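Asks: Okay, handing you the structure first.
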Amino acid sequence: MAEAPGPGSSSPDSPSPDSASPETGNLEAARALVDAFPALSLELRHVPRAMRAELTALTARWLAAGHPPAAVRAHILRCLPDDGTPVRRPGGFLRHLLGDVPPLALTVPTVPAVADRDPGPRLSPRLSGARECAGDHIQPTLFRPAGDETHCPRCTAHAAPPATAPAQFATLGTPPLRPTPNAIR
């Protein structure tokens, strides 16, 4: 009858603890990636410590499928809500995102040509028609241009030369035609 190897002995079939297997390498990289998730967004700061082992295993599945760490980060950032909706349970949110590992060919984003790229960050829908004023402001001022103007209405009004007063405003210094409540007493 053969004896089972004890906890202190190693069998020739099992790998030694010093040899690094691909799974161990994926777990190490996945652990480092999970530890870096809070740095991706403020929404992901409060992942419970008890979930880190589960998230590490899910992330290791992505890495074992051939996805680079940058693709995992990009997937998480792409799926974060961008309309200001708070993530109430970041651990569950990450578990949901990492649960299904897509095929490798579908996750590699194609890099658009330089002319097709947006010149800056994506604006919210309510700011889509706004433009930054080229005038002298303490902080950036946005306005909705009616045409091709580069200055906000306030800067345009300050820069315009004083015009002669139209006839309807010629009587601004005269008393009102109707008596005011103070004049009746």
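Asks: Yes or no: segment 73-90 includes at least one residue that is exposed (fewer than 15 other Cβ atoms within 10 Å of the Cβ), among the β-branched types (Val, Ile, Thr) and either at pLDDT below 90 or over 13 Å from Val34 (Cα atoms) (or both).
Replies: yes
Asks: With the requirement that a residue be small (Gly, Ala, Ser) and within 21 Å of the chain's Cα centre (by Cα), what does segment 57-79 give you?
Replies: Within segment 57-79, Ala70, Ala71, Ala74 qualify.
Asks: Follow-up. For residues that are touching a residue at least 40 places away in the same chain (Cβ under 8 Å) and outside any helix (DSSP H, G or I), scanning just segment 42-75, find the one that is nearest to Phe93 (Cα to Cα).
Replies: Val47
Asks: Looking only at segment 145-166, how many residues end up being at pLDDT below 80 and either surrounded by 13 or more Cβ atoms within 10 Å (Cβ to Cβ) or in contact with a helix residue (DSSP H, G or I) (Cβ under 6 Å, 6 or more places away or on another chain) (or both)?
Replies: Qualifying residue count, segment 145-166: 0.
The values are calculated or read from the model by the stated rules, or taken from the named source; none is laboratory data. This structure is a prediction, so every number in the text was calculated from the model and none was measured. No Cβ is skipped: glycine too gets one built from the backbone with ideal geometry, and neighbour counts run over all protein chains shown.
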